Amino acid sequence: MELVRFDGAYAGTVAGWAASVEETRWWCSRDEVTAETVAGWVAQPDTEAYGLMEAGELVGFGELWVEEDEAELARLIVAPGHRGRGVGRRFVALLTGEALRRQPAVFMRVNPANTRALRCYAAAGFRVVPQEQADEWNRDQPEAFIWLCHEPAA
């Protein structure tokens with residue numbers, strides 16, 4: 001598997017990976033995602049979009065938001081036919097490695113109902129931040145997320 005910069009050419013493919021409104025909300029806090037939505041995300045100047053390629057096929061999409069002292073992984077999704085095989089965990093590990101090359105702290109936020117993603121992120125070394133910190137970060141959010149911080153293996 002290889003992490004590559006995502007240029008938007010597969011925006012329509014990625015937009016079709018969420019199988020329901022509920023899954024779309026878990027992925028990106030929206031009810032609907034189109035090719036134009038994904039292309040718009042990719043075009044944002046503060047967003048670095050990545051794809052995960054396996055044998056020439058796009059199997060994952062995610063973003064890295066780098067700020068002055070931290071990075072956040074965002075909008076991660078794995079192609080439906082590749083779920084449940086450790087692809088998500090590998091993708092998160094590769095994106096986290098990219099983030100750590102630039103910032104010492106890596107975070108992500110997850111919809112509390114997305115238990116499958118929470119298990120994946122825990123397996124990739126992410127832990128829930130203290131509740132006080134989560135409460136502060138959720139203050140300006142449209143919903144209460146579970147916030148995670150990467151903790152390197154000891």
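The values are calculated or read from the model by the stated rules, or taken from the named source; none is laboratory data. Note that the structure is a prediction, hence the values are computed from the model and not measured. Here the Cβ positions follow ideal geometry from the backbone for every residue, glycine too, while neighbour counts run over all protein chains shown. Only protein heavy atoms, including side chains, enter the accessible area calculation; ligands, DNA and RNA are left aside. Shrake-Rupley method; radii C 1.70, N 1.55, O 1.52, S 1.80 Å.
Alpha-carbon geometry of the stretch 1-90: the Rg and the Dmax are 12.6, 36 Å, given in that order. Return the single residue from Ala15, Ala35, Ala55 with maximal mean-square fluctuation; model: Gaussian network over the chain, springs between Cα atoms under 10 Å. With Cα springs under 10 Å in the chain, the top fluctuation among Ala15, Ala35, Ala55 is at Ala55.
Classify the chain from the C-alpha gyration tensor, please: rounded if a/c falls under 1.5, else prolate or oblate depending on whether a/b exceeds b/c. Rounded is the answer for the chain, as its axis ratio a/c remains below 1.5. A probe of 1.4 angstrom, applied to the heavy atoms of all protein chains, finds Glu98 with accessible area near 40 square angstrom. Please work out the C-alpha center-to-center distance from the stretch 76-95 to the stretch 104-154 and express it in whole Å. Taking the Cα centre of each part, the stretch 76-95 and the stretch 104-154 sit 17 Å apart. Give me the Debye-computed log₁₀ of I(q)/I(0) at q = 0.26, 0.27 Å⁻¹ for the stretch 86-154, equal point scatterers on Cα only, no solvent, two decimals. Those come out to -1.22, -1.26, one per q.
Note on Glu54 and Val4: their simple-model spin labels are 1.6 nm apart, each label 7 Å out from Cα toward Cβ. Shown is the FRET efficiency for Arg101 and Asp69, computed with R0 = 22 Å from the Cβ-Cβ distance and rounded to the nearest 0.05: 0.90. Here the simple spin-label model places points 7 Å from the Cα toward Cβ, and for Asn138 and Asp31 these points are separated by 2.3 nm. A simple charge model with +1 on the Cβ of Lys and Arg, -1 on the Cβ of Asp and Glu and nothing else charged puts the dipole of the stretch 1-145 at about 740 debye relative to its Cα centre.
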